[in-house]
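Report on one structure; see the data block that follows.
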Amino acid sequence: MTPTELIAEVRTELTGNSAVDIRHIREKTRALKGEPNAAELLSALAELAFSLMPEEQQEYMKKVTFIGEQRMDRAFHEAMGWIQEGKRKEAETRLAEISDKIHEYFEQGGKKYFSFRNPFEYHLYRMYYPTDTEFERAPFDFAQYLTMYGYVLLENHQVRKAAQTIERGIRFNPVNADIRFELAEVYKFARQPKRLLQTCQETLRICTSPDRIARVLANLGFYCVVVEDFYSAAVFYFESLRFQASKAVNFELQDVLHRMKTIGQTFAPPTKGQVLDTFETYGMEPPPNSDLVNLAITLAESAHDYNRPDLEGMFYRVAYDLTNEPKFKELLDRIDAETGKKSS
C-alpha cells in the first residue's frame, strides 16, 4: 500500500470529530509498523492527524515535537539516512536535538509517557506493573529515537552517554527486548560484565520470539566467557543455537569447547537438569517465559470474544513463536483463512 492509497482509505473512515478521528488514526498506526514501507505510511498518517487538530493544538504540537520546521519523525528519518551514509557526526547532532526536545517536554513535569509498539507490549507492561495506571501515549516512538541516539553515541565512542541515553529509551518502553539489546552491546563494549548480566536477566523475561531469546542466551555465553565460567558459557551457547541457528554463535561455542579442552574439561549436550541448574546459577529460569505465553493466550481468547481477529492473530502469534506448538499454528491458520491472509 502506498501512502496515497492509505490516506484515501483512512479519509473514507473519518467521522468529522477530530478527537475520534485522531484516535482512529493512532489505532491504524499499530497495524502498519511491520509493513516494508512503514516509515512512509506512518509519516503520512502523522501528517493527516496533525492536519485534523485544532489550530491551538497544532501550535502546541509544533512547540513540543518539531525540530526547527520539521516534524520530529521526519527529522529522525533524516538522521537515519545520515547513519546509512556514514555521516555519524551529522546524525549525532540531529538526534541530540530530538533528545533535548524529548527531555524538555516529555521527561519532566510529572507526567509519564510510553511508546509501546503494539497492544501486547501494553498488556505486558500492565501485567508487570499493575498499579501503574497513570500514563499517556507518546506522540512518537521516543524509545526508538533515544535508542538510535545511543547507538550513534557508542559508534562515536561516547560510551557512558550512550548507556544513559539508551536507559532513557528503555523508560519509554520497559517491555521491549530490542532496546535492551543495544544496552547490552554498550556493556559488552565497555567490558562491564555485572551490568551486562543484569541487562540479560531483565531482557530474557520479556522476549517474545525465538530469535530474541537466542540473542539473550548468546550474550549470556559472552558474559560467562568474560568471567571464565566456560561450562556455563557452553550451555548458554548450546541453548541459543536450539532457539535459532547461527554460524556466529556456533563459532563461539566451538571456541569455548576448545578452551575447555585445553584445561581438561569436557562437554556433552546438557540434560534438562543441567540446563536448569545453569540458569538458576545466574538467577533465571529457562525460556520461554510461561507468564508471557499465558498472557498471550488470555488476550487472544478475549480478542476472539470481541471479534477482533487482527488482535487475536497477533496474540496467538506470540504464543506460537514462544512455544512452537502446533495447536497455535492451527489457530493462526484458521484466523488467516477467515481474514483472507496467508500464514507464514
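At-a-glance table
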| read-out | value |
| --- | --- |
| Test: residue in region 175-187 that is over 19 Å from the mean Cα position of the chain (by Cα) and of a type in the set (Phe, Trp, Tyr) | no |
| Selection within region 78-94 - open to solvent by less than 40 Å² (accessible area, probe 1.4 Å) and within 21 Å of residue 176 (Cβ to Cβ) | 79, 83 |
| Test: residue in region 262-281 that is surrounded by 16 or more Cβ atoms within 10 Å (Cβ to Cβ), under 30 Å from residue 234 (Cβ atoms) and either in contact with a Ser or Thr (Cβ under 8 Å, 6 or more places away or on another chain) or not hydrophobic (A, V, I, L, M, F, W, C) (or both) | yes |
| Segments classed as helices (runs of 4 or more DSSP H), wholly inside region 215-288, with at least 3 members that are polar (S, T, N, Q) and over 27 Å from residue 319 (Cβ atoms) | 247-262 |
| Matching residues in region 201-214 - criterion: being part of a helix (DSSP H, G or I) and open to solvent by 60 Å² or more (accessible area, probe 1.4 Å) | 201, 202, 211, 212 |
| Single residue of 40, 97 found to be touching a strand residue (DSSP E or B) at 6+ places or on another chain (Cβ under 9 Å) and open to solvent by 70 Å² or more (accessible area, probe 1.4 Å) | 97 |
| Where a residue in region 1-17 is exposed (fewer than 11 other Cβ atoms within 10 Å of the Cβ) and its partner, wherever it lies, is modelled with pLDDT under 85 and acidic (Asp, Glu), with Cβ under 7 Å and at least six apart | 15/21 |
| 2 or more residues open to solvent by less than 30 Å² (accessible area, probe 1.4 Å) and either of a type in the set (Asp, Glu) or more than 23 Å from residue 311 (Cβ to Cβ) (or both): qualifying helices (runs of 4 or more DSSP H) within region 112-200 | 142-155, 159-172, 177-189 |
| Residues located in region 291-344, provided they are among the charged types (D, E, K, R) and either under 16 Å from residue 213 (Cβ atoms) or outside any helix (DSSP H, G or I) (or both) | 291, 308, 317, 321, 325, 341, 342 |
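One line per residue, one yes/no per condition, for (1) more than 19 Å from residue 283 (Cβ to Cβ); (2) of a type outside the set (Gly, Ala, Ser):
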position	(1), (2)
145	yes, yes
176	yes, yes
197	no, yes
206	no, yes
220	no, yes
225	no, yes
231	no, yes
238	yes, yes
248	yes, no
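The values are calculated or read from the model by the stated rules, or taken from the named source; none is laboratory data. Everything quoted here is computed from the prediction, not taken from an experiment. We place every Cβ from the backbone using ideal geometry, glycine too, and count neighbours over all the protein chains shown. Areas reflect the complete protein model, heavy atoms only, side chains present, ligands, DNA and RNA absent. Shrake-Rupley method; radii C 1.70, N 1.55, O 1.52, S 1.80 Å.
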